[in-house]
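As structure tokens, the structure follows; a few thoughts come after it.
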Amino acid sequence: MTQEELFTYFHDLGIVPVVKIDDAKKAVGLAKAMIKGGIPCAEVTFRTAAAEEAIRLITKECPEMLVGAGTVINPELAEKAVNAGAKFIVSPGLNKHTVKWCQEHNIPVVPGVCTPSDIEKGIELGLSILKFFPAEASGGVKMLKDLGGPFPQIKFMTTGGINPDNLPDYAKAPNVLAIGGSWMVKPDLIESEKWDEITKLCQEAVIKLQGLTLAHIGINLPDRDAASHVAKDFEKLGMTIKEGNSSIFMNGEIEVMKRNYLGKNGHLAFRCYDLERTIFFLKERGFTVKEDTVAKDPKGKIKVCYFNEEIGGFAFHLVK
């Protein structure tokens, strides 16, 4: 996997759990629980003596797991992690020697920053992906928004103080590549080998990360006259008509189509935080994109797309 492919994967997955493990013998059980929960990726931190062996065991026993090393504060630790099988390196701060070692050995590295000066140092080293740490203590989403102005070319992996409650705020931030956290892999859960609970927490995090909510329901009608007749019935319920070329919107919640469009009965539109990420999420669950319906904004980001599959006789699509 190239560095570009790795960072694309980070974005699509959306979450990179931060793992602190004290007993390497429990690493494989943890990895399997995370994979089952839909997060086949982990940053194993060098905060314990078990980190190196844990990385080695996961790499050997769970090849589908993308494992990297965190809390790498010098080149020596980076080399030890890579020799154990780590595919990427994450640091709490920006150590140019660690960064240069990784660059010389073609290892993706994400050093930590929390100030504009740190970011400028990262840019000077040729980096475009940086770790924003500690995220909440450094101003959180508001700080990220402020940093987006002078540094539009930088994307951040955010770690520190993130939990299920504030996860959506980070998921919606346009300059957040992926989110790091440990709430789904807490050390006590690992120590107690509560693999089912870890799987459940991973599943919940992946779903919450999408922010999927119903935007509107589309009803197929054969022609303009039929659509107008149905719209007038909805108007009797106090709904406001907004006429369009191909459909009539009622309160923005119901779209009455002026022709039979996709779906046996009509369509369901869902909002989400990031279309590319949610497309990845849905593809993992067996849905396929209807390519001729994909529309992009001027920046090349997908703003709408339908899927080939129907749900209860309704086509469905994503909107931002």
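The values are calculated or read from the model by the stated rules, or taken from the named source; none is laboratory data. Here the structure is a predicted model, which means the values were calculated and not measured. Glycine also receives a Cβ, built like all others from the backbone with ideal geometry; neighbour counts cover every protein chain displayed.
Numbers below:
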| item | result |
| --- | --- |
| Any hit, region 249-257, residues being in the same structural domain as Asp292 (by TED's automatic domain parsing), assigned to a loop (DSSP other than H, G, I, E, B), at pLDDT 95 or above and touching a strand residue (DSSP E or B) at 6+ places or on another chain (Cβ under 8 Å) | yes |
| All positions within region 281-320 that are buried (at least 18 other Cβ atoms within 10 Å of the Cβ) and assigned to a helix (DSSP H, G or I) | Phe281, Leu282 |
| Conditions (1) crowded, with 16+ Cβ neighbours inside 10 Å; (2) touching a residue at least 24 places away in the same chain (Cβ under 8 Å); (3) farther than 24 Å from Met250 by Cα; (4) out of contact with any Gly (no Cβ under 6 Å at 6 or more places or on another chain): number failed by Leu189 | (2) |
| Options Ile39, Ile35, Ile58: the member that is surrounded by 20 or more Cβ atoms within 10 Å (Cβ to Cβ) and either at positive phi or part of a helix (DSSP H, G or I) (or both) | Ile58 |
| Residues being buried (at least 16 other Cβ atoms within 10 Å of the Cβ) and touching a Ser or Thr at 6+ places or on another chain (Cβ under 7 Å) - total across region 145-171 | 3 |
| Selection status of Ala49, of a type outside the set (S, T, N, Q), surrounded by fewer than 17 Cβ atoms within 10 Å (Cβ to Cβ) and assigned to a helix (DSSP H, G or I) | no |
| Top-ranked residue in region 199-248 [being of a type in the set (S, T, N, Q) and part of a loop (DSSP other than H, G, I, E, B); ranked as surrounded by the fewest Cβ atoms within 10 Å (Cβ to Cβ)] | Asn245 |
